[in-house]
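The structure appears below as structure tokens.
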Amino acid sequence: MAVKEPLASAGAPRRSDATRTAILASARERFAADGYERATIRAIAKDARIDPSMVMRYYGSKDGLFAAVLDVDLRLPDPQGMDPHDVGRVLVGHFLDLWERSEVFTAMLRVGVTNEAGAERMQSVFRDQLAPVALRACPDPEQAPARAALCASQLLGLALTRYVLRFPPAVALSREEIVVWLGPTVQRYLTAPNP
């Protein structure tokens, strides 16, 4: 007779939740380190100390797992609650915090530059989350998509040079220096009159 897993009490984490968490953590590290093409289900499962079939059970495929890894909320601050002259500085600081706290964004960037599905996912994250911030901050709503794209070019360029390619001068900059240098550029992209 098979032994049944005890029922989890209300509020107690289930074993499947712990397995999913382990898979996602391993996948984030693998995608960040190896990129999409070289990361394998077998390596991710080994890192998570589970059978590869469990990855397939929960996520169906490598694409499904990748989509789950990149299901991110940037938690961008609402510019309506800020000093209008401070939006660029706040956004740069916020993105630095995101990049330094989570390998998800490094994985997203690494894969986005080498894989079409990864690029599409990055585009959707930035379109769906950064464009509304630009819309609220910029003087002309029709320009919001272009202004958001310019902001993304600066933020992703910084991330690429600092966290992926690890250019020594970019890595050596302090958080404060980056905010001082990049904040006014992002601010200009969001709030300056149309050139």
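The values are calculated or read from the model by the stated rules, or taken from the named source; none is laboratory data. Since the model is a prediction, treat every value here as computed from it, not as a measurement. When we count neighbours, we look across all protein chains shown, and the Cβ atoms used for this are built from the backbone with ideal geometry, even at glycine. Calculation scope for accessible area: heavy atoms of the full protein, side chains included, ligands and nucleic acids excluded. Shrake-Rupley method; radii C 1.70, N 1.55, O 1.52, S 1.80 Å.
Determine the calculated [θ] at 222 nm for the chain from helices alone, applying -39500 (n - 2.57) to every DSSP H run no shorter than 4 residues and normalising by the residue count; nearest 500 deg cm²/dmol.
The per-residue figure over the chain is -21500 deg cm²/dmol.
What does the extension gain come out to for Glu176 and Met82, with contour length at 0.36 nm per residue minus their alpha carbon separation?
31.9 nm
Can you give me the accessible area per residue for the chain, using a 1.4 Å probe, in Å²?
Spelled out: the 1.4 Å probe surface of the chain, per residue, equals 58 Å².
Using Cα pairs under 8 angstrom and six or more residues apart, how large is the relative contact order of the chain, in percent?
Reported as a whole number, the value is 23 percent.
Once you have the alpha carbon radius of gyration of region 52-115, what is it after dividing by 2.2 N^0.38 Å, with N set to its residue count? If you can, show how the numbers build up before the last one.
Working: Rg = 16.1 Å, N = 64, 2.2 N^0.38 = 10.7 Å.
Normalised Rg, Cα atoms only: 1.50.
Given q = 0.11 Å⁻¹, what are the Debye log10 I(q)/I(0) values for the chain, with equal point scatterers placed on the Cα positions and solvent ignored?
Evaluating at q = 0.11 Å⁻¹ gives log10 I(q)/I(0) of -0.59.
Could you tell me the calculated FRET efficiency between Asn194 and Arg127, based on Cβ-Cβ distance and R0 = 30 angstrom, to the nearest 0.05?
0.90
Would you please put 66-73, 80-87 in order of how densely packed they are, using the mean number of other Cβ atoms within 10 angstrom per residue and starting with the highest? Don't skip to the end; give the middle numbers.
Details: 66-73: 17.2, 80-87: 12.4.
Going by the mean number of other Cβ atoms within 10 Å, highest first, we get 66-73, 80-87.
Calculate, for Ala149 and Ser61, the FRET efficiency according to 1/(1 + (r/R0)^6) with r their C-beta to C-beta distance and R0 35 Å; round to the nearest 0.05.
In this case the efficiency is close to 0.70.
Got a sec to turn the phi values of region 49-64 into Karplus ³J(HN,Hα) couplings, 6.51 cos²θ - 1.76 cosθ + 1.60 with θ = phi - 60°, whole Hz, x for Gly and Pro?
Those phi angles translate into 6, 9, 6, x, 4, 5, 4, 5, 4, 7, 10, x, 6, 5, 4, x Hz.
Can you tell me which of 133-140, 106-113 comes out highest on packing, and rank the rest after it, using the mean Cβ neighbours within 10 Å? Could you put the intermediate results ahead of the total?
Details: 133-140: 18.9, 106-113: 22.1.
Top to bottom by mean Cβ count within 10 Å: 106-113, 133-140.
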